[in-house]
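**Q** I am attaching a structure below and will ask some questions about it afterwards.
The values are calculated or read from the model by the stated rules, or taken from the named source; none is laboratory data. This structure is a prediction, so every number in the text was calculated from the model and none was measured. FYI the Cβ positions are ideal-geometry reconstructions off the backbone, even for glycines, and counts take in every protein chain you see.
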Amino acid sequence: MSVAVVLVAAGNGERLGLGLPKALVQIDGKTILEHSLEAVSSFQPNQLVVVAHEDRVPEFQELVQNSYAGKFSVVPGGSSRQGSVANGLQLVDSALVLVHDAARCFTPAEVFHAVQAGLETSPCVIPALAVTDTIKRVSGDQVLGTEDRDQLRAAQTPQGFHTNLLKAAIAQSTEVFTDEAALMQSAGHSVSFVTGSPLSKKITTIADLGERTTNQRTGIG
Ligand code: CTP
Ligand code: MG
């Protein structure tokens, strides 16, 4: 079955706090957008839709043009992640779709392949990792209890779907969810998972850059 990737890259990057859309921030000399396109390039989907920050569409278009060899489209994003996914999905005509956060810019291509393979038997597949911290349930400043870690997984992207089911679930949804797997589950679909990657950690704050350099960080690069 044909497969599309929708790369959502339209966020403001407010928590990163560098004054420009996160996908345009450079890490080790390349933008987060370009890093995220490396795995997509080696995965070789039938179709790529990049959802760009609405104020910077020409810049995104140029970056994708210069770093991605396959066929692609660039569309402006919405005000929420789910809105951006919906905008990207409008252009998808492949049977399967993998929705990926550009902010998880070091996800290995193997994870894309594993999610695609899972879609042979499931309507929705996400990559997820075991939780290593001890997780507490709290209320106010009180700890109410300790969760059973064996039953918990941290969700990552790319999240994979049968395109027609995801389109229908988004069209019918009245709520905003933090990921499309939650939206699919609320629409009654089963969701399965494959093993994710520690390399898929989302770049959210400056601390997530570790020792990497960014030319946007004062005094470095
Ligand atoms: N995203 C998007 N459209 C939005 C919001 C988010 O395409 N309106 C994308 C981001 O570009 C990112 C992914 O969704 O690749 C995950 O979002 P997040 O890590 O929250 O990124 P930002 O929204 O850019 O960061 P912040 O919330 O700190 O502003
Ligand atoms: Mg955000």
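**Q** Quick check, is Ser67 more than 9 Å from ligand 1 (Cβ to nearest atom) and under 18 Å from the mean Cα position of the chain (by Cα)?
**A** In short, no.
**Q** Here's something else I'd like to know. When residues of region 14-23 are filtered for being within 10 Å of ligand 2 (Cβ to nearest atom) and under 14 Å from the mean Cα position of the chain (by Cα), how many remain?
**A** Counting residues in region 14-23 that are within 10 Å of ligand 2 (Cβ to nearest atom) and under 14 Å from the mean Cα position of the chain (by Cα) gives 1.
Residue-by-condition table, conditions (1) farther than 23 Å from His113 by Cα; (2) in a loop (DSSP other than H, G, I, E, B); (3) modelled with pLDDT of 95 or more; (4) charged (D, E, K, R):
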| residue | (1), (2), (3), (4) |
| --- | --- |
| Val143 | yes, no, yes, no |
| Met184 | no, no, yes, no |
| Thr204 | yes, yes, yes, no |
| Arg217 | yes, yes, no, yes |
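**Q** Given the options Gln82, Gln116, name the one that is surrounded by fewer than 22 Cβ atoms within 10 Å (Cβ to Cβ) and within 16 Å of ligand 1 (Cβ to nearest atom).
**A** Being surrounded by fewer than 22 Cβ atoms within 10 Å (Cβ to Cβ) and within 16 Å of ligand 1 (Cβ to nearest atom) holds for just one of Gln82, Gln116, which is Gln82.
**Q** Among the helices (runs of 4 or more DSSP H) confined wholly to region 24-139, which include 1 or more residues that are more than 16 Å from ligand 2 (Cβ to nearest atom) and farther than 17 Å from Thr157 by Cβ?
**A** 32-43, 57-67
**Q** If you don't mind, another one. For region 151-181, how many residues are outside any loop (DSSP other than H, G, I, E, B) and either among the β-branched types (Val, Ile, Thr) or buried (at least 18 other Cβ atoms within 10 Å of the Cβ) (or both)?
**A** Total meeting the criteria: 10.
**Q** Working only within region 13-57, note down all residues that are touching a residue at least 60 places away in the same chain (Cβ under 8 Å), β-branched (Val, Ile, Thr) and in contact with a helix residue (DSSP H, G or I) (Cβ under 7 Å, 6 or more places away or on another chain).
**A** Across region 13-57, the qualifying residues are Val25, Ile27, Ile32.
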